[in-house]
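A quick write-up on the structure given underneath.
None of the figures in this text is laboratory data; all of them are computed from the coordinates on show. Model, not experiment: these values are computed from the prediction. No Cβ is skipped: glycine too gets one built from the backbone with ideal geometry, and neighbour counts run over all protein chains shown.
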Amino acid sequence: MAGFLPICQSADYALSILLVSDIESQLKNFSTVLNDTGNGEREGSVKVYTCESVSQIVHLKDKPQCDFVALFVNEKRFNAIHEVEQNLLKLDQAFMFDRVCLICDNVQTSGGFMPKILHLKHKYQLHALWGNLEEEFVGVCKRLLNLASAVCGATTGFPLVTHKVWHGRSGSPHEFSTYESTQDRTF
């Protein structure tokens, strides 16, 4: 298991999140807000780990216990998509079941990067959060915390629906009656 970051449910914290970004100011801002928001509004506590690349953590003897991983897409770098994909490949496969999220800056996203980000999102079936990461990062942090706590089971209530049938809806109220019985509708 030295080649990838394993998924672990932390016994010490209600939720532990790994933030991966090569921009130090983003890591600092997000970890501060997540710690303040998570520990102030939720039962239990939130532990935030930060790194520039998952490979930094993979080589540690005592790996952190992570429940959720958020990968920042730095569109200023030419090979940003490749770097994000390399980080994804170093995660345990269990993370790919709703426990990974891409965080993208909608101010910096250019027309050429958008299809690549969407392709990566659909290829690995990832969540994606978009927002102004320089000025309105508090809102993105709250959405990240809500997403992570919902998919990791740290909060109770109505479950987050992430099934393909729901994502492909056209909006018709009678839409589910038109699906063929051969389609998978497991929720």
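With a point put 7 Å past each Cα toward its Cβ, work out how far residue 94 is from residue 130 in nm, to one decimal.
Label-label distance for residue 94 and residue 130, simple model: 3.3 nm.
Pairs of alpha-carbon atoms within less than 8 angstrom and 6+ residues apart define the contacts here; what relative contact order does segment 42-133 have, in percent?
It comes to 29 percent, rounded to a whole number.
So what J values fall out for segment 113-125 if you push phi through Karplus, 6.51 cos²θ - 1.76 cosθ + 1.60 with θ = phi - 60°, rounded to Hz, Gly and Pro as x?
Each residue's phi maps through the Karplus curve to give 7, 4, x, 5, 5, 5, 4, 4, 4, 6, 4, 9, 6 Hz.
Residue 55 to residue 81: FRET efficiency via 1/(1 + (r/R0)^6), r the Cβ-Cβ distance, R0 25 Å, to the nearest 0.05?
Computed FRET efficiency for residue 55 and residue 81: 0.90.
Counting only residues 5 or more places away or on other chains, whose amide H sits under 5 Å from the amide H of residue 102 once H atoms are built in the peptide plane?
Close amide H contacts, sequence-distant or interchain: 71, 127, 128, 129.
Search the structure for amide H atoms under 5 Å from the amide H of residue 91, placed 1.01 Å from N in the peptide plane, and list their residues when 5 or more places away or on another chain.
5
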